Every structure is written in structure tokens, then in C-alpha cells.
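Here is the structure we will look at, set down as C-alpha cells.
The values are calculated or read from the model by the stated rules, or taken from the named source; none is laboratory data. None of the values given here were measured: they were computed from a predicted structure. Ideal geometry is used to build each Cβ from the backbone, glycine not excepted, and the neighbour counts take in all protein chains shown. To get the accessible areas, we keep the full protein, side chains included, count just its heavy atoms, and leave off ligands, DNA and RNA. Shrake-Rupley method; radii C 1.70, N 1.55, O 1.52, S 1.80 Å.
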Amino acid sequence: MKKSTYIWKNGQLINWDEANTHVLSHALHYGTAIFEGIRAYNTPNGPCIFKAKEHYDRLMTSAKLIYMTPTYDTPSLINATTTLIKENKLDSCYIRPLMYFGYGEMGLNPGNNPVDCIIAAWEWGTYLGEEGLEKGIKCKISSWNRIDSRIIPPLAKSAANYLNSGFAKQEALRCGYDEAILLNSNGLIAEGPGENLFVVQDNKLYSPPISDNALKGITSETIIQLAAHLNIDFEYKSIIRDELLSADECFFTGTAAEVTPIREIDGVIIGNGKRGPITEKLQSLFFDVVQGKQTVNSDWLTKV
């Protein structure tokens, strides 16, 4: 990871290497932390944060779902993020806010522990590789099922949830694939370990609904909005494995992955085995929008 100079913690900028927490912090032992993944892009107007409000509002929702009272609100966290980016002199970056139950009492109930908050920002390219953006990636249907709301709230971006994602990712890599696709407990497509999934069939766009335990993705919501802008029909739909393998196109979306085509699943070639035309149109428009080359909604970019 490429270091920046500062990390914001509990209202102060501190040196990157001094951003420490106690080894008995509650979150380290019990996974009681929530986070976001956000990007700022270099635009003709300087660095701009993409959908900052939506991301921090979702952080507030995650806090509610794990019974955490946030120590900061959305506007204050946006202000802290812009300050952090300026002080680190970053033109574009990945942003990781994290709220967690800190050092205090041990035991499963974190209620008497302080809630700490940090924001880090650093240079980080696309998660699944630049080549993947153009040529697509190979995926494996995971043997691990996606968590559901009878176990842990899947709409919360909590640290505990991502142990499930990590198992799926590691299994895919060990088997020679780039990424995993998780099914829910009913055998329906849910999502990738850190991405939402889209399918194109007969020039129409589909994605699993949150009722199938997909995360309510902000990048995925953006793709749906961009599809409407391009007059591409979209529908939330439960998807079975057969529909995935027989699709004309498939792609992932996410803050880290951005818009990444899927060319192969479990050795089955998807479509023509490369980035499809609808994926390419949406991907191209997405990058034009986040880089300030084209405006679909002026509220999506927050200038630093």
C-alpha cells in the first residue's frame, strides 16, 4: 500500500505511522467496526469526491444496523475528508472511513466502549487490475454462501461481514480465478466478495435485489442511473446460476472494482469472451462522469 502523510482520527490529523489503536480494542476481537469505500478522482476542476453524501449516509445506516451511535455526522465527515485529501496533496485517491468500538471493556456487549473514527486516503488503482477493465476477469462460483439477514445484517458494511467475503476471495485465487461470485442460502446469485453483479441479456440489464442479500451498492445505483441516461432498460431480478452462465454480458461494480467485465465463470465463456458493448458503454460513461468530463448529475461530485 502506498502511504500518505496523514490519517484523520477523532477530529485530528496524525502521521500515517502513528495511527494506532489499542490491541484490546473491541473491534479487533469481535468485528464491531463499520466502514466505507469512497473514491476521489482528478477532474478538470481538481480532485472531487464521488457521491460523498451517499457513502457517508450509508455509513450512518451501517452504524444503526450494528447498534452503534456515530460520533460524527455526514457533513462533518465530508469536511474532514476534503481536509485530509488537501493536506495529503492527493489528486485522486481511495478513501477508507472506519468507525469502531475501541478500547474499554471486553465481552460481547460493546455498549460501554468508546466509538473511534478514522479516515484514510491513499493512491490506489482499480481493484481488479487495469487489464481486467478492458479484457474482463475470470470468476468462480464460491462454495461459501453469502451471509443473510438471519445471521448478520448484509446491508451493513461491517468488518465482521467481510470475513465471509475474504473466504470467497481466497478460495477463488487458490483455484486460479480472479474473483468469486457468492450465492445466497436459496441458491440465487447474491454478489461478489466486494462488488455488485450485473447481467445483460437481450440488451436488457439485470441485477439481484437486496432481498437476495446483495449489498445496496452506490456504484451499482450509479450504473442503473447511467443506464437510464443511455435508454438501457433495467430490472432488479433474482438470478439463477443458469442465467448467469448463459448471459450475453456480465460485469461487477464497486468503489474499488469500478466497472469490471466478467469474461468467464467456472470455465464457461460469457458472451463473446470479452467486454460486451453495453458494459463498454456504461463503463465509458461512468469514467467520464467521475472524472468530470461529462455531467449527468452535478450533485455527484464534491470538490475538494
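Relative to the longest principal axis of the Cα atoms of the chain, helix 277-290 runs at roughly 30 degrees.
Here the Karplus relation 6.51 cos²θ - 1.76 cosθ + 1.60, evaluated at θ = phi - 60°, turns the backbone of segment 51-61 into coupling constants of 6, 4, 4, 4, 5, 6, 5, 5, 4, 5, 5 Hz, with x for every Gly and Pro. The overall shape of the chain, judged from the alpha-carbon gyration tensor, is oblate: a/c is not under 1.5, and a/b is no greater than b/c. Placing unit charges on the Cβ atoms only, positive for Lys and Arg and negative for Asp and Glu, gives the chain a dipole magnitude near 380 debye about its Cα centre. Taking all protein chains together and rolling a 1.4 Å probe, PHE167 ends up with roughly 80 Å² accessible. An oblate overall shape is assigned to segment 210-255, the ratio a/c of its alpha-carbon gyration tensor axes (a ≥ b ≥ c) being 1.5 or greater and a/b not exceeding b/c.
For segment 97-104, putting each phi into the Karplus relation 6.51 cos²θ - 1.76 cosθ + 1.60 with θ = phi - 60° gives couplings of x, 9, 10, 8, 6, x, 6, x Hz, in residue order, rounded to whole numbers and with x for Gly and Pro. With contacts taken as Cα pairs under 8 Å at a separation of at least 6 residues, segment 222-282 carries a relative contact order of 28 percent.
Here segment 21-90 exposes an accessible surface that is 58 percent carbon and sulfur, computed with a 1.4 Å probe and the other protein chains kept in place.
Using the 1.4 Å probe convention, the accessible area of segment 165-304 works out to 42 Å² per residue with neighbouring protein chains retained. Entry note, the chain: relative contact order of 20 percent, from Cα contacts under 8 Å with a spacing of 6+ residues. The modelled label-to-label distance between LYS135 and HIS22, using points 7 Å beyond Cα along the C-beta direction, is 5.1 nm. Counting heavy atoms of the protein chains alone, ASP266 has an accessible area of about 60 Å² for a 1.4 Å probe. Between LEU108 and PHE287, the distance separating the two model label sites (each 7 Å from Cα on the Cα→Cβ line) works out to 4.8 nm.
Summarising the label geometry, the points placed 7 Å from Cα in the beta-carbon direction at LEU13 and ILE151 lie 4.2 nm from one another. With the helix formula -39500 (n - 2.57) applied to DSSP H stretches of n ≥ 4, the chain reaches a computed 222 nm mean residue ellipticity of -8000 deg cm²/dmol. Prolate is the label for segment 238-304. Its Cα gyration tensor axes, ordered a ≥ b ≥ c, give a/c of at least 1.5 and a/b above b/c.
Between the residues GLN283, ALA228, ASN45, the greatest Cα displacement towards the positive end of the dipole of the chain, with unit charges on the Cβ of Lys, Arg, Asp and Glu, is found for ASN45. Taken over the alpha carbons of segment 18-174 as equal point scatterers, the Debye sum produces base-10 log I(q)/I(0) values at 0.10, 0.18 Å⁻¹ of -0.44, -1.23. The H on the amide N of LYS51, modeled in the peptide plane, is under 5 Å from the matching H of LEU301, THR302, each at least 5 residues off or on a different chain.
Residues whose amide H falls under 5 Å from that of GLU191, counting only those 5 or more places apart or on a different chain, are LEU182, with hydrogens built in the peptide plane.
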